[in-house]
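What follows is one structure encoded as structure tokens, with my remarks underneath.
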Amino acid sequence: MENLSEFFKIFSDPTRLKILMELLNGELCVSDISSKINMSPSAVSHQLMYLRQTKAVKKRKEGNVIYYRIADSHIEIIIKYGLEHISEEK
């Protein structure tokens, strides 16, 4: 239960969710993510470090630039189902 609770913390922060939503469209570097979600590169880097530690995202280095992507389809599925759930009519 502890591990599951830690896993769901990935989705508990609006900034992390914004980053994940952008990465659903493909690989991005910190500066691209930063401009898309209107946050400082250092704030984005901080959240990406957390997302890497929790294995939600992976990185790839090309020259001096590091690109981030969603780690696997599970992350995308959870976000998709979460969005469907909150958009359902009551």
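The values are calculated or read from the model by the stated rules, or taken from the named source; none is laboratory data. Here the structure is a predicted model, which is why all the values come from computation and not from measurement. Note that each Cβ is placed from the backbone with ideal geometry, even for glycine, and that neighbours are counted across all protein chains shown. Quick note on the areas: whole protein, heavy atoms, side chains included, nothing else; ligands and nucleic acids left out. Shrake-Rupley method; radii C 1.70, N 1.55, O 1.52, S 1.80 Å.
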Here the residues within region 59-71 that are in contact (Cβ under 8 Å) with a residue 40 or more places away in the chain, within 18 Å of PRO41 (Cα to Cα) and open to solvent by less than 60 Å² (accessible area, probe 1.4 Å) are TYR67, TYR68
If the Cβ limit is 6 Å and pairs must be 6+ apart or interchain, which residue in region 4-31 that is closer than 15 Å to HIS74 by Cα pairs with which residue that is surrounded by fewer than 16 Cβ atoms within 10 Å (Cβ to Cβ) and of a type in the set (A, V, I, L, M)?
none
Cβ pairs under 8 Å, 6+ apart, first in region 44-58 and part of a helix (DSSP H, G or I), second of a type in the set (D, E, K, R) and open to solvent by less than 50 Å² (accessible area, probe 1.4 Å):
GLN47/ASP13; GLN47/ARG16; TYR50/ARG16; LEU51/ARG16
Looking at region 29-50, which of the residues that are of a type outside the set (Ser, Thr, Tyr) and in contact with a helix residue (DSSP H, G or I) (Cβ under 6 Å, 6 or more places away or on another chain) is farthest from LEU83 (Cα to Cα)?
PRO41
